[in-house]
Structure formats: structure tokens, C-alpha cells
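A.B. asks: Take this structure, written in C-alpha cells, and hold onto it; I'll ask about it next.
The values are calculated or read from the model by the stated rules, or taken from the named source; none is laboratory data. Quick caveat: nothing in here was measured; it's all calculated off a predicted structure. When we count neighbours, we look across all protein chains shown, and the Cβ atoms used for this are built from the backbone with ideal geometry, even at glycine. We work out accessible area using only protein heavy atoms, side chains counted, and drop any ligands, DNA or RNA first. Shrake-Rupley method; radii C 1.70, N 1.55, O 1.52, S 1.80 Å.
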Amino acid sequence: MSCPRCQALRTELAAAERNGDRSKAVDCRVLLRRHPEHDDVPVERKVEGQGEQ
């Protein structure tokens, strides 16, 4: 996949790691994990029938 947002976050993550900015690196990892769509395809899909109870 070639999601521009993910590529930008990975670049930012690499720079933060090189500079020893752990806080920024964690932020980038969280944003990557939470990024909802890649090339207009949802990364995570909720399984029907498994909502919050």
C-alpha cells in the first residue's frame, strides 16, 4: 500500500528515532496504528455482531 499519510508518519518516526525524541516516536507509532484508511480501504473492520456491550 502506498498511503501518503502513512509514508509521512514513517518518515517522521524515523527522524524522531534518529534525534532521540521518544515522545514524538511514540506519537507517530500511535497515529500509524490508528490511521483508519489506506488507499481508501479501511485497515480495521468491525466484525458484525461484536459491538460494545
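A.B. asks: So residue 19 passes all but one of these: (1) modelled with pLDDT under 90; (2) open to solvent by 100 Å² or more (accessible area, probe 1.4 Å). Which condition number does it fail?
C.D. replies: Status for residue 19: all satisfied but (1).
A.B. asks: Taking the condition of being in contact with a His (Cβ under 8 Å, 6 or more places away or on another chain), open to solvent by 70 Å² or more (accessible area, probe 1.4 Å) and assigned to a helix (DSSP H, G or I), how many residues in the stretch 1-16 meet it?
C.D. replies: 1
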